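The structure appears below as structure tokens.
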Amino acid sequence: MDASEATLLVAVAGVLGTVASGALANHGSRKTKMAELDHMERQWRATMRAEQHRHRNSEMKVAYVELNRTARTFQSLLQRHVRNLTEGTEFAVSREQEDEARNAVRDAYSEAQLFGTEETLAVASRHLNNLYAMHRLMMKFESTGDAGILDDVRARTERSRREIGEMRDSMRGDLGILDQGDR
């Protein structure tokens with residue numbers, strides 16, 4: 001090989017090297033950019049999941065607060081009604097008040113079904129079914145006067161006191177606010 005062929009080979013190798021280095025640099029740059037975009041997408045998705053979790057917890061808290069408030073109101077009215085029946089005093093609680101409270105707790109439970117956990121909803125359902133049964137038994141007592149019904153109502157009243165605490169504790173567990181004491 002003579003000098004001109006060698007020079008031509010060196011020149012071709014130089015051009016190929018220059019072109020290849022540009023292509024390799026472009027490939028490396030694209031690979032880095034894709035990794036950055038992938039990382040940014042992962043961060044965005046994690047942020048969105050965290051935001052959805054916060055929003056869901058906020059909605060759950062609102063639903064649980066309303067369910068707890070309405071259940072306590074209905075329970076309180078029923079307990080006052082039981083006391084009135086037991087003592088034979090005039091009713092300080094009207095049937096309309098009880099019906100309004102029963103409907104409010106039913107509506108609050110329906111809302112909680114959208115956000116609550118199955119465990120908490122099961123606890124709440126047991127409690128509400130007990131309250132509804134108490135209400136029906138008291139209406140039956142008023143129409144029949146059967147004193148045996150009051151014994152069942154008293155037992156259900158005691159049970160409802162335990163159940164409201166269980167419901168509250170389950171709600172607190174779902175919201176991550178355990179060990180806050182009884183308020």
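The figures follow:
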quantity	calculated
Listing of helices (runs of 4 or more DSSP H) fully contained in segment 91-183 that carry 3 or more residues being over 18 Å from the mean Cα position of the chain (by Cα) and of a type in the set (Ser, Thr, Tyr)	118-144
Selection within segment 39-63 - under 23 Å from Tyr109 (Cβ atoms) and not aliphatic (A, V, I, L, M)	His55, Arg56, Asn57, Ser58, Glu59, Lys61
Positions within segment 52-75 being modelled with pLDDT under 90 and either touching a Leu at 6+ places or on another chain (Cβ under 9 Å) or more than 30 Å from Asn130 (Cβ to Cβ) (or both), in sequence order	Gln52, His53, Arg54, His55, Asn57
Residue ID - most open to solvent (accessible area, probe 1.4 Å), chosen from residues in segment 24-76 that are free of Cβ contacts under 8 Å to residues at least 60 places away in the same chain and touching an Asp or Glu at 6+ places or on another chain (Cβ under 7 Å)	Glu66
Segment 137-156 residues that are over 17 Å from Gln75 (Cα atoms) and open to solvent by 30 Å² or more (accessible area, probe 1.4 Å), paired with ones that are in a helix (DSSP H, G or I) and at pLDDT below 85 (beta carbon under 7 Å, 6 or more apart)	Phe141/Leu85
Failed condition for Glu111, given (1) surrounded by fewer than 13 Cβ atoms within 10 Å (Cβ to Cβ); (2) in contact (Cβ under 8 Å) with a residue 40 or more places away in the chain	(1)
Failed item in (1) surrounded by 14 or more Cβ atoms within 10 Å (Cβ to Cβ); (2) over 28 Å from His53 (Cβ atoms); (3) modelled with pLDDT of 90 or more, with Thr117 passing the rest	(2)
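The values are calculated or read from the model by the stated rules, or taken from the named source; none is laboratory data. In this text the structure is predicted, and so the values were computed from the model without any measurement. Glycine also receives a Cβ, built like all others from the backbone with ideal geometry; neighbour counts cover every protein chain displayed. We work out accessible area using only protein heavy atoms, side chains counted, and drop any ligands, DNA or RNA first. Shrake-Rupley method; radii C 1.70, N 1.55, O 1.52, S 1.80 Å.
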